[in-house]
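The values are calculated or read from the model by the stated rules, or taken from the named source; none is laboratory data. All figures in this text were calculated on a predicted structure; none of them were measured in a lab. Here the Cβ is made from the backbone with ideal geometry for all residues, glycine too, and neighbour counts use every protein chain on show. Surface areas here come from the heavy atoms of the whole protein model, side chains and all, with no ligands, DNA or RNA. Shrake-Rupley method; radii C 1.70, N 1.55, O 1.52, S 1.80 Å.
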Amino acid sequence: MKICVYAICKNEEQFVDRWVDSMNEADEIYVLDTGSKDKTVNKLKKRGVKVRVKRIKPWRFDVARNESLKLVPEDVDICVCTDLDEVFDKGWRKRLEEIWEKDITRIAYNYNWSFDKYNKPSVNFYIEKIHTRNDYIWTHPVHEVLTYIGNNEEIVKTDDIITLNHYPDSNKSRGQYLSLLELSVKEDPTDDRNMHYLGREYMYYGKWNECIDTLIKHLSLEKATWKDERSASMRFISRAYVNLKRYDEARMWLTKAINETPYLREPYVEMAYLEYSQNNFDKAYDMINKALKIKDKTKSYINENFCWDSTIYDISSICCYNLGMFEESLEHINKAIEINPNDERLKENKRIIEKHKD
């Protein structure tokens with residue numbers, strides 16, 4: 001089979017060598033550069049990448065992706081879309097050839113979107129950007145998705161057979177996202193996914209009322225049926241109300257989130273943190289216990305790092321300490337330190353707890 005990688009980029013010279021080293025298992029690599037002012041284009045060409053430069057005005061991610069896909073020859077069997085801040089685990093091509101069958105049009109594979117300080121995956125979900133050459137186009141100005149326009153789409157889920165890892169530039173601006181999300185929702189006000197993303201973006205910007213109004217719209221959409229995402233919208237509404245110091249409404253929306261997804265840790269932990277911040281240690285402790293009963297982390301971008309790192313044990317330890325439960329407080333601070341052994345505040349808390357315990 002002929003397998004090609006394609007991508008878009010701008011000012012990403014720092015990633016070129018690492019990315020090409022990973023993508024070189026493909027037969028060819030194509031990149032659409034959208035206006036780099038650094039050495040990205042020269043470095044890509046020196047590594048044998050086929051590069052075209054084209055400025056997209058007005059900027060849209062879907063237009064750029066479609067232009068990059070046009071660079072891929074029609075006789076290619078499998079297209080692999082990645083970004084320059086991503087790398088595959090080695091041997092990805094061989095595994096792709098082993099699982100690909102005649103009727104497959106796209107595969108879903110493992111994506112490590114972020115890593116913790118110990119380089120362990122923290123947010124992990126399926127991504128579906130490996131596909132046949134024809135019958136696919138990119139849609140939406142931002143948070144663009146690969147859309148099938150053929151007759152018989154066949155998607156195969158590969159679990160951890162193929163893994164793509166994301167190592168982004170934390171200094172890169174996402175300032176264009178808000179206006180593009182507003183445009184996306186204007187173009188298709190029935191699209192639940194981007195309505196949720198727009199509400200979340202308003203939250204990032206501290207636009208609390210816009211966040212609340214937009215996420216309530218998301219929850220009212222006929223297509224908004226994915227419970228995990230609905231629960232996240234409810235949690236984000238709660239966060240907005242917390243910042244508006246309207247705590248009863250914040251609790252109401254977290255209760256809705258818990259009822260929507262009782263199998264997720266996230267709403268319980270957020271409720272625990274809300275009660276903890278109000279010095280309601282008994283209620284916070286109760287929520288932590290309910291959260292800790294949930295052992296399995298779903299494979300979803302909805303996951304929150306703070307629900308699976310040392311935070312949950314840290315809060316529990318403080319709650320137990322204030323409730324006079326020193327044995328349990330010590331047990332939980334030890335678990336927090338086990339996860340985050342270099343945190344001096346946790347170590348100091350442990351010393352304080354041990355004094356009271358003795």
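Determine whether segment 170-179 contains at least one residue that is open to solvent by less than 30 Å² (accessible area, probe 1.4 Å), of a type outside the set (Ser, Thr, Tyr), modelled with pLDDT of 95 or more and under 26 Å from residue 26 (Cβ atoms).
no
Tally up the residues in segment 276-296 that are in a helix (DSSP H, G or I) and either open to solvent by less than 30 Å² (accessible area, probe 1.4 Å) or not aromatic (Phe, Trp, Tyr) (or both), please.
Qualifying residue count, segment 276-296: 11.
What's the number of the only condition in (1) hydrophobic (A, V, I, L, M, F, W, C); (2) over 15 Å from residue 67 (Cα atoms); (3) out of contact with any Gly (no Cβ under 9 Å at 6 or more places or on another chain); (4) in contact (Cβ under 8 Å) with a residue 24 or more places away in the chain that residue 20 fails to meet?
Evaluating residue 20 over (1) hydrophobic (A, V, I, L, M, F, W, C); (2) over 15 Å from residue 67 (Cα atoms); (3) out of contact with any Gly (no Cβ under 9 Å at 6 or more places or on another chain); (4) in contact (Cβ under 8 Å) with a residue 24 or more places away in the chain leaves (3) as the failure.
Just give me the residues in segment 100-120 being more than 24 Å from residue 16 (Cβ to Cβ) and open to solvent by 40 Å² or more (accessible area, probe 1.4 Å), in sequence order.
Of everything in segment 100-120, those that are more than 24 Å from residue 16 (Cβ to Cβ) and open to solvent by 40 Å² or more (accessible area, probe 1.4 Å) turn out to be 101, 102, 103, 116, 117, 118, 120.
What are the residues in segment 67-98 that are under 26 Å from the mean Cα position of the chain (by Cα) and open to solvent by 40 Å² or more (accessible area, probe 1.4 Å), if any?
Once the filter is applied, which keeps residues that are under 26 Å from the mean Cα position of the chain (by Cα) and open to solvent by 40 Å² or more (accessible area, probe 1.4 Å), segment 67-98 yields 89, 90, 95.
Residue-by-condition table, conditions (1) in a strand (DSSP E or B); (2) touching a Gly at 6+ places or on another chain (Cβ under 7 Å); (3) touching a residue at least 40 places away in the same chain (Cβ under 8 Å):
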site: 114; (1), (2), (3): yes, no, yes
site: 122; (1), (2), (3): yes, no, yes
site: 134; (1), (2), (3): no, no, yes
site: 147; (1), (2), (3): yes, no, no
site: 151; (1), (2), (3): no, no, no
site: 169; (1), (2), (3): no, no, yes
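Of everything in segment 297-333 that's within 24 Å of the chain's Cα centre (by Cα) and of a type in the set (A, V, I, L, M), which residue is surrounded by the most Cβ atoms within 10 Å (Cβ to Cβ)?
Filtering first and then ranking leaves 312.
Out of the residues in segment 121-131 meeting the condition of being within 11 Å of residue 158 (Cα to Cα) and within 13 Å of the chain's Cα centre (by Cα), tell me which one is surrounded by the fewest Cβ atoms within 10 Å (Cβ to Cβ).
Only one residue tops the list, namely 126.
How many residues does segment 154-166 hold that are open to solvent by less than 70 Å² (accessible area, probe 1.4 Å), in a loop (DSSP other than H, G, I, E, B) and either touching a Pro at 6+ places or on another chain (Cβ under 7 Å) or at pLDDT 95 or above (or both)?
Selection size over segment 154-166: 1.
What's the number of the condition residue 209 fails, among (1) crowded, with 16+ Cβ neighbours inside 10 Å; (2) at pLDDT 95 or above?
Unmet for residue 209, out of (1) crowded, with 16+ Cβ neighbours inside 10 Å; (2) at pLDDT 95 or above: (1).
May I ask you to list the residues in segment 266-275 that are open to solvent by 20 Å² or more (accessible area, probe 1.4 Å) and out of contact with any Ser or Thr (no Cβ under 9 Å at 6 or more places or on another chain)?
268
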